[in-house]
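Some notes on the structure that comes next.
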Amino acid sequence: MVRRLQVLVGSIVVACAWGAPAVAAAPTPSPSAPPIVDFVEISGDALATPIVLSSDKHAQRQDVMRREVKWLIDKTPVTGPPPPEQLGPKYTVVLLTMGQATDRFEVYPMAVGGPRVFRPADQPGRQVAEGWFYGRLSLPTSLLAAGVPLEGVTPEPGMGGQGGGLPASQPPDVGAMIGDWSRFMGLNVAAIIIIASGVFGLAYVVRRRI
């Protein structure tokens, strides 16, 4: 009896094994490529540690700072070196992609006669013709927004970082803007009323004399 029961159970198990549909193994998803992150590193005078701006965390400031020097990568030098005493504080700006340095510049935002930029011959992984360039007039405010302490530089409206301005993620204060506009319009209306009153008063006096 026990022997027959064992044979019967074994037959059922085999039948179920043959009759059950094959279950395909779930495909393993292929790993997605990591996002490309760009960096700008700033070091130099009055900076205890380098300032690092990334395209994922500081998108606006990183992009602005990158554009200040990127246009000079393949340009022909246009000027000679100024006297050292006219250069002011020096900062080194390094452009990086995926953690690898690609370009390096020395910038002098407070130079006499306007910002200056020096492109060293020794670039990451290559040699180029060194040379001096006139920097953009926006270079000081871009460095200030990035966090470089520059005295006597007024920050541009809307730029985050040290020196004021709005961070890239903060919306403008619409209420304050409307309030300023209202006050401006109120002053204009008051000025118009005063001027008009003066004109009418003068006309009245002239007419009485005639």
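Bear in mind these aren't lab numbers, they're just calculated from the coordinates by the rules spelled out. Owing to the predicted nature of the structure, the values given are computational and were not obtained by experimental measurement. Using ideal geometry, Cβ is built from the backbone for each residue, glycine included, and neighbour counts are taken over all protein chains shown.
Give me the lysines in straight-line cross-link reach of LYS90: C-alpha distance below 25 Å, same-chain residues under 8 apart excluded.
The reachable lysines, counting only those whose Cα sits under 25 Å from LYS90, are LYS70, LYS75.
Quick one: if the Förster radius is 22 Å, what FRET efficiency do ALA129 and THR102 give, using the C-beta to C-beta distance and rounding to 0.05?
After rounding, the FRET efficiency stands at 0.85.
What spacing in nm lies between the two simple spin-label points modelled at ASP63 and ILE36, each 7 Å away from Cα in the Cβ direction?
So the two model labels end up 1.5 nm from each other.
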